[in-house]
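Novice: The structure that follows is given in the form of structure tokens.
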Amino acid sequence: MEKKERNINIFLIVLLPLALSAFIAAVYNFPIEKIDLTLAILSVVTVFFSSYLKIQLPRTKIHLTVAESLIFFSLFWYGGEVAVLMAGLETFYNSLKLRREGVNVKNKTVAINVAIGVVTTFVSAWAMKAFFAAPEIVHWDNKIFVGVLMTMALAQFVVNSALVALAVSIKTEKTLWQVWNDYCLNALVIYIGGAFMAGLGVKAAEKFDGFLVFVAVAIFAVVYLTYRRYVNDVKETAAKAEQAERERAEQAERHIEELQHHIAEQDRIEQALRESKEKFRHAAFHDALTDLPNRNLFMETLKLALEKSQHDQNYQFAVLFLDINRFKTINDSLGHSMGDRLILHVAKRLATSVGEKDLVARFSGDEFAFILNDIAGIEDAKQFAELIKHKISAPFTLSGRQVFTSFSIGIALGGAQYELAEDILRDADIAMYHAKDAEKDCVIFDKNMHARAVSLLQLETDLRSAIERDELEMFYQPIVDLDSMQLFGFESLIRWNHPTRGLVPPNEFIPVSEDTGLILPMTLWILRTSCRQMVEWQRKSPRNKNLVVSVNLSGKHFAQKDLVEQIKKILIETQMNPSCLKLELTESAVMENAESVITMTKQIRELGVQLSIDDFGTGYSSLSYLHRFPINTLKVDRSFVNSMEDGSENGEIVRTVIALAKALRLNVVAEGIETLHQLHQLRILGCEYGQGYLFSRPVPVEEAERLIDDAARFENIIPRQILPPPRAEVPRLMLAK
């Protein structure tokens, strides 16, 4: 910066003395005799208005200014002195004018511009005198006149462009040639044009008087102004076109930006879709809780293993189905969140147990499955099951509490004998349920299991339509008053007359109905049919009015909130005396949810219906609960009665049960009486009622009616010489309140 400023100062120091000398010389040699109105007008127009009078050549950046023409005219007409003064004043005024218009023009720049204008005009005047010292302009022929014009123009151009290029080069630090080529070369046209315009003016002034010159100037001004207006119109139109083009370009840029934004947005969406697709794919094939493969991925892998086994006879694989035992108990006692944590811990242990070629998946709840690839035989699968047993047998710590688990595993050996992957998984599942039923850790599937599963499925299907097809039938086993040996009532027992299998034993279809929930509508049908039948018998004879019918009630009914209303509805519908209906509950059903059962049985007792605990002694009923249940009767299980004659402890158990019933002021019914000796012992112990094959098997309605009509039938069971034994005094047990 300092170097550039120093160079400009040097340039100014060199140039200013030259310009000052030329200006002083012009003032000193000024031709006073040539001062007239024309000179005054010419000077005013040149200095103050010539900068406004300029014409831009179309499609170029070149302007033809009147100032150059007027200075050349002054040079021709009035001499070099007038032209030098006029050039200096015009340049000075234009510099001040630019400053007023807001252009930052420094004083130093004004001085340089004025100096260049004075020096350039002085050199042009000197060149004209030096090369064309003719006596008068009028004596120059056209060739000389053109030479003069070219000499002035070239002298003006060379000196002016050289000085300007040097000044700009110093300021911009560009090469002199580069500046001259970029900024000064076009000035040649300006000076030549200005010189020839001045020459035309001189020729016109020679041939015409002043008035004509004035008129010519006026006409020129009109033409100029018209042309200037035309040029401005062209400029305005060009500006509008340029603005429209600029707007189109900007709009195109905006469209391009919008398109780029759209493309970027599409790329972002596509990337998001790819990521979302991967997430959905992962979610579709993995368990949300454990992140293990789920059933979908397991089945896909199983299909590949099955295809491989069908093409490679030496390839064997096994499918293991695992279910955690007592998981529902853990969920119910510790909560579902704790159950989820247990599943997570189990999943981690199982995941560390499988090899790289094998697969472990979580299906749902507490079910897991494995695919063991490329095994030597079933022994490998059994060894893996032992490994799993070792892994899971260790306790799990959940929130500071140790939880122990066990499991049941079913194993199915895969191979070409299977066509569908679903069949292999089904067989492993069947084997797992056999392991649960047998309370074993591991069971290997065999074909008999599948046959039994198919049979149970068919049985379930047939059972669902048995009521509609009227295949169910009620059998009745008499209950006898052991004191009077008279008929006391009946226990209703259902039988199924299958259209192809004949009479299906209850122990086959009752468990199926319990598992499927069919026991609920079936029990209501039994209850309605038994009540209707008992009402019919009671109406036949007055001596039958106190007969009682006992109906077994499944524990699943106590999960039904409308159980009491259903019983009440059946009593009203059949017009059954509630006191003649006895509902039998098993110990397991009573103790499964003791508090809710107590509430519901109290509501049943309020209807007037009697309640009985069936198979007493085989369950785990608590005395603290037993005396809270509103029951009327205890039924001694047949297993104790049948073994009374063996002299085993079962006889004492029967005695204890009867004593307990007396203490609780309950009646006792003994099941399974088959011999006179059993009957005799029970009568001695004070058992009120009994039933069994000694009196009758369960019989259909017709035979039950014959039993009712034969009043002395049960009396004849006991030989007449044997008198009724006195009631034994069974010690009464006192319960703590």
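Novice: Ile479's amide H: which non-local residues (gap 5+, or another chain) put their own amide H closer than 5 Å, with H modeled 1.01 Å from N in plane and none for Pro or chain starts?
Specialist: So Ile479 has HN proximity to Phe488, Gly489, Phe490, Glu491.
Novice: Ranked from highest to lowest mean number of other Cβ atoms within 10 Å per residue, what is the order of the peptides 675-682, 454-461, 151-158?
Specialist: Per-residue Cβ counts within 10 Å, averaged per peptide and sorted highest first, yield 151-158, 675-682, 454-461.
Novice: Hey, another quick one. PRE reach from Lys662 (point 7 Å along Cα→Cβ): which of the stretch 686-705 fall under 13 Å by backbone N?
Specialist: Answer for this model: 686-688.
Novice: Same structure again: What size of dipole, in debye to the nearest 20, comes out for the stretch 459-717 about its Cα centre when the only charges are +1 on Lys and Arg C-beta atoms and -1 on Asp and Glu C-beta atoms?
Specialist: Result for the stretch 459-717 is approximately 900 debye, rounded to the nearest 20.
Novice: Averaged over all directions, how much area does the convex hull of the C-alpha atoms of the stretch 383-436 cover when projected, in nm²?
Specialist: Convex hull of Cα atoms, orientation-averaged projection: 4.9 nm².
Novice: Starting with the highest mean, order 246-255, 323-332, 485-494, 389-398 by the number of other Cβ atoms within 10 Å, averaged over the residues of each peptide.
Specialist: In descending order of packing, they fall as 485-494, 323-332, 389-398, 246-255.
Novice: When a/c reaches 1.5 or more, the comparison of a/b and b/c decides; with that in mind, is the stretch 350-397 rounded, prolate or oblate per its Cα gyration tensor?
Specialist: oblate
Novice: Now for a separate question. Suppose each label sits 7 Å from its Cα in the direction of the beta carbon; what would the His498-Tyr315 distance come out to in nanometres?
Specialist: Each label point lies 7 Å from its Cα, and together they span 4.1 nm.
Novice: Place the peptides 283-290, 635-642, 464-471, 164-171 in order of packing, highest mean first, counting for every residue the other Cβ atoms within 10 Å and averaging per peptide. List each step's numbers first, then the result.
Specialist: Numbers: 283-290: 14.2, 635-642: 22.1, 464-471: 12.5, 164-171: 19.2.
Taking the mean over residues of other Cβ atoms within 10 Å, the ranking is 635-642, 164-171, 283-290, 464-471.
Novice: Further question on the same structure: Would you mind calculating the gained length between Met150 and Gln271 on full extension (0.36 nm times residue separation, minus the Cα-Cα distance), in nm to one decimal?
Specialist: Between Met150 and Gln271, full extension yields 36.2 nm more.
Novice: A further question on this structure: Which length gain, in nm to one decimal place, applies between Gln417 and Ser399 when the Cα-Cα distance is subtracted from 0.36 nm times their residue separation?
Specialist: Numbers: separation 18, 0.36 × 18 = 6.48 nm, distance 4.75 nm.
Using 0.36 nm per residue and subtracting the Cα-Cα distance, I get 1.7 nm.
Novice: In nm, give the distance between the simple-model label positions of Ala288 and Lys174, each being 7 Å from the Cα along the Cα-to-Cβ direction.
Specialist: 7.2 nm
Novice: So between Lys328 and Leu344, what do we pick up on full extension, going 0.36 nm a residue minus the alpha carbon distance?
Specialist: 4.2 nm
Novice: What spacing in nm lies between the two simple spin-label points modelled at Ser639 and Ser541, each 7 Å away from Cα in the Cβ direction?
Specialist: Reported label-point gap for Ser639 and Ser541 is 3.8 nm.
Novice: Rounded, prolate or oblate for the stretch 459-717? Axes are the square roots of the Cα gyration tensor eigenvalues, ordered a ≥ b ≥ c, and the cut-off for rounded is a/c under 1.5. Mind dumping the intermediate values first?
Specialist: Values: a/c = 1.37, a/b = 1.16, b/c = 1.19.
The shape class here is rounded.
Bear in mind that the values in this text are calculations on the coordinates, not laboratory data. Everything numeric in this text was worked out from a predicted model, so none of it was measured. So basically every Cβ, Gly included, is an ideal-geometry build from the backbone, and we count neighbours across all protein chains shown.
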